[in-house]
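To start, the structure itself, in structure tokens.
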Amino acid sequence: MTVIDIGGGFRPSGAMRPAIHLIGLPTDVNSSFERGAAKGPAAIRAALVSDRGNSASESGLELGTDIDLVDCGDLPLTDLDVEGDDRAIAAAVARAPLPILLGGDHAITYPVVAALVARHGPLNILHFDAHPDLYADFEGNPRSHASPFARIFEGGHAKRLVQVGIRTLNRHCREQADKYGVEILPMADFHASHVPVLDGPLYISVDLDGIDPSEAPGVAHPEPGGLRLREVLAAIHRQTAPIVGADIVELNPARDIGDITAILAAKLVRELAARIALNHEGESR
Ligand code: MN
Ligand code: MN
């Protein structure tokens, strides 16, 4: 991996916070309908470093000065050997104390979580998505991007899974959710204050199609009636437990409009990095 710093070479000032590692996972081999998410990491990274925006998070912490965000670049994945790619993902996560992963399709969450569980034990997971991604398998592929949370439960990797933004629940996935004890917050009457404050170790997974297509059109499976980014941020910033990792997945730049979904994803990187840094120290900004 090539390691470069974001933020013009600035290093953190004041109290030393641990480095957060940004890792791109450019794979879409487990997408079911339309590929293109492999180009997500490059688009998010371009938006993150663009002078169109700046490095501030809403907490006041800034990337580069207050938060040491190290960009590890994209992992070279083959898309031909899924098990080999999963091993490469696990090895990269094992080298990064506090990783933020950029998908790629949502299938990447399974090897990422498995690698973090090896270090921390079973995780509480806060998952934003239009879809529950609980299929036993989808169209014959157990590693489908529609199945990562079924694999996670089979592996015993989740203590609690709280799903937010779900609005496509069919009978099979409802049965799977019941089987695994998944906590699904209904999209109807949703309010961020309904999202539980979870204990650590906490993992946060953001499928961009959880957000309404009017704000995040650049996804393969746009589903109307979704979350506002403002609600996602409120749910994230309610969390006080140590966050051991996070991902932002399913950006499909070919479907984006004026890069607005990439820009939204870059904002999520800043906000997740700030929340990880604050919770690591038990701060409450
Ligand atoms: Mn989805
Ligand atoms: Mn998903």
Please tell me if residue 276 is buried (at least 24 other Cβ atoms within 10 Å of the Cβ) and not in a loop (DSSP other than H, G, I, E, B).
yes
Of the listed residues (231, 223, 271), the one being more than 18 Å from residue 123 (Cα to Cα), part of a loop (DSSP other than H, G, I, E, B) and in contact (Cβ under 8 Å) with a residue 12 or more places away in the chain is 223
Which one of 223, 250 is in contact with a Ser or Thr (Cβ under 7 Å, 6 or more places away or on another chain) and closer than 23 Å to residue 35 by Cα?
223
Residues that are in a loop (DSSP other than H, G, I, E, B) and over 28 Å from residue 263 (Cα atoms): does the range 65-75 have at least one?
no
Out of the range 145-164, which residues are within 10 Å of ligand 2 (Cβ to nearest atom) and part of a loop (DSSP other than H, G, I, E, B)?
145, 146, 147
Within the range 171-191, identify whether any single residue is under 24 Å from residue 37 (Cα atoms) and either touching a helix residue (DSSP H, G or I) at 6+ places or on another chain (Cβ under 9 Å) or surrounded by 18 or more Cβ atoms within 10 Å (Cβ to Cβ) (or both), and answer yes or no.
yes
When you go through (1) within 16 Å of ligand 1 (Cβ to nearest atom); (2) in contact with a Lys or Arg (Cβ under 7 Å, 6 or more places away or on another chain); (3) closer than 22 Å to residue 159 by Cα one by one for residue 236, which number turns out not to apply?
(1)
Taking the range 189-220 and the residues there that are of a type in the set (S, T, N, Q) and away from ligand 2 (no atom under 14 Å from the Cβ), the one that is nearest to residue 115 (Cα to Cα) would be 193
Go through (1) within 16 Å of ligand 1 (Cβ to nearest atom); (2) more than 17 Å from the chain's Cα centre (by Cα) and name the single condition residue 197 misses.
(1)
Out of the residues in the range 201-213 that are farther than 18 Å from residue 149 by Cβ and in contact with a Lys or Arg (Cβ under 9 Å, 6 or more places away or on another chain), state the one that is nearest to ligand 1 (Cβ to nearest atom).
211
Quick one: how many residues across the range 214-233 are away from ligand 1 (no atom under 15 Å from the Cβ) and farther than 20 Å from residue 273 by Cβ?
2
Of the numbered conditions (1) assigned to a helix (DSSP H, G or I); (2) within 15 Å of ligand 2 (Cβ to nearest atom); (3) under 23 Å from residue 34 (Cβ atoms), residue 132 satisfies every one except a single condition; which is it?
(1)
Tally up the residues in the range 241-274 that are on the phi > 0 side of the Ramachandran plot and either within 16 Å of ligand 1 (Cβ to nearest atom) or among the polar types (S, T, N, Q) (or both), please.
1
If I filter the range 176-183 for residues that are assigned to a loop (DSSP other than H, G, I, E, B) and in contact with a Gly (Cβ under 8 Å, 6 or more places away or on another chain), do I get at least one hit?
no
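Each reported figure results from applying straightforward, stated rules to the coordinates on display, with no laboratory input. Please read these numbers as outputs of a predicted model, since none were measured by experiment. Don't worry about glycine lacking a Cβ; one is built from the backbone with ideal geometry, like all the others, and counts go over all protein chains shown.
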